[in-house]
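Worksheet: the structure to be examined is printed underneath.
The values are calculated or read from the model by the stated rules, or taken from the named source; none is laboratory data. From a predicted model like this one, the values you see are computed outputs, not experimental measurements. Please note: Cβ atoms are built from the backbone with ideal geometry, for glycine as well, and neighbour counts cover all protein chains shown. Keep in mind that these areas ignore ligands, DNA and RNA; they rest on the heavy atoms of the full protein, side chains included. Shrake-Rupley method; radii C 1.70, N 1.55, O 1.52, S 1.80 Å.
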Amino acid sequence: MKPPITVTSFGSITVGNLLIEHDIIIRLSGEIKKRKKKLSKSVYGTSHTISLEEAKHVYEKGAKRIIIGSGQENNVRLSEEARDYFEKKDCKVDLMATPRAVQAWNKAKSRTIGLFHVTC
């Protein structure tokens with residue numbers, strides 16, 4: 001079951017009643033995991049560009065959509081390789097500022113994964 005996100009602000013996101021102060025991934029099962037930013041940072045020197053390795057880590061077989069919260073100031077981007085990877089998996093990517101991504105997440109119906117960057 002997809003847990004609802006109740007609020008986000010700079011540096012945090014609240015999923016259900018759980019306040020989290022780091023980037024997260026919400027799996028198809030609803031499990032909340034800490035984002036493995038180092039998979040992108042090791043390639044680009046920043047976690048603001050999602051690498052192919054991180055895309056592979058985030059994707060789960062059967063996912064039809066991934067909602068990416070790109071930060072409060074919309075700074076996160078997908079690398080071309082990551083975008084191509086999701087496209088080959090027939091997984092739609094919706095990348096938007098985290099406050100908008102939270103709204104999209106709460107309305108999502110299909111088999112959706114969420115990745116939320118909580119700072120800039």
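Some points to look at:
- Boolean, VAL102 is surrounded by 18 or more Cβ atoms within 10 Å (Cβ to Cβ), at pLDDT 95 or above and part of a helix (DSSP H, G or I): yes
- Being surrounded by fewer than 17 Cβ atoms within 10 Å (Cβ to Cβ), modelled with pLDDT of 95 or more and not in a strand (DSSP E or B) is a property that THR14 lacks.
- Across segment 32-56, the number of residues qualifying as touching a residue at least 12 places away in the same chain (Cβ under 8 Å) and either open to solvent by less than 60 Å² (accessible area, probe 1.4 Å) or assigned to a strand (DSSP E or B) (or both) comes to 13.
- Any hit, segment 57-78, residues being surrounded by fewer than 15 Cβ atoms within 10 Å (Cβ to Cβ) and in contact (Cβ under 8 Å) with a residue 40 or more places away in the chain: yes
- Subset of segment 79-99 that is open to solvent by less than 20 Å² (accessible area, probe 1.4 Å) and not small (Gly, Ala, Ser) - its residue that is nearest to GLU54 (Cα to Cα): PHE86
- Taken together, TYR59, TYR44 contain a single residue that is touching a Lys or Arg at 6+ places or on another chain (Cβ under 9 Å), among the aromatic types (Phe, Trp, Tyr) and modelled with pLDDT of 95 or more, which is TYR59.
- Which listed residue is under 13 Å from the mean Cα position of the chain (by Cα) and within 18 Å of THR119 (Cβ to Cβ), from VAL102, VAL93: VAL102
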